1. Among the candidates ALA23, ALA72, single out the residue that is surrounded by 11 or more Cβ atoms within 10 Å (Cβ to Cβ), small (Gly, Ala, Ser) and modelled with pLDDT of 85 or more.
2. In this structure, is VAL33 aliphatic (A, V, I, L, M), surrounded by 13 or more Cβ atoms within 10 Å (Cβ to Cβ) and closer than 20 Å to LYS74 by Cα?
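The values are calculated or read from the model by the stated rules, or taken from the named source; none is laboratory data. Since the model is a prediction, treat every value here as computed from it, not as a measurement. All Cβ positions, glycine included, derive from the backbone under ideal geometry; neighbour counts span all protein chains shown.
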Amino acid sequence: MPEFRGKSIGKALMSKVAQLGRAAGCTQLNFTVLNWNKTALDFYLNQGSTDVTSNLGYHYMYCHGDAFQKLADKEF
């Protein structure tokens, strides 16, 4: 919902998921983004994720290594 955009809710959610994953022994997040969703794609790229399949009509993303650790260390 537009009224909740820009309040760092998405960043806080991604960070918490990374924290929980790290605590469980995970080392990366994997997810997909539809090709038309440029706003979401830009958001995930700004969080340190990497676009693995940009030319297939969707974007398979992963966030690992230093980017995963940095995401898990964020506090909101």
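1. Sole residue among the options that is surrounded by 11 or more Cβ atoms within 10 Å (Cβ to Cβ), small (Gly, Ala, Ser) and modelled with pLDDT of 85 or more: ALA72.
2. It is false that VAL33 is aliphatic (A, V, I, L, M), surrounded by 13 or more Cβ atoms within 10 Å (Cβ to Cβ) and closer than 20 Å to LYS74 by Cα.
Residue-by-condition table, conditions (1) surrounded by 13 or more Cβ atoms within 10 Å (Cβ to Cβ); (2) at pLDDT 85 or above:
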residue	(1), (2)
LEU41	yes, yes
ASN46	no, yes
THR50	yes, no
TYR58	yes, no
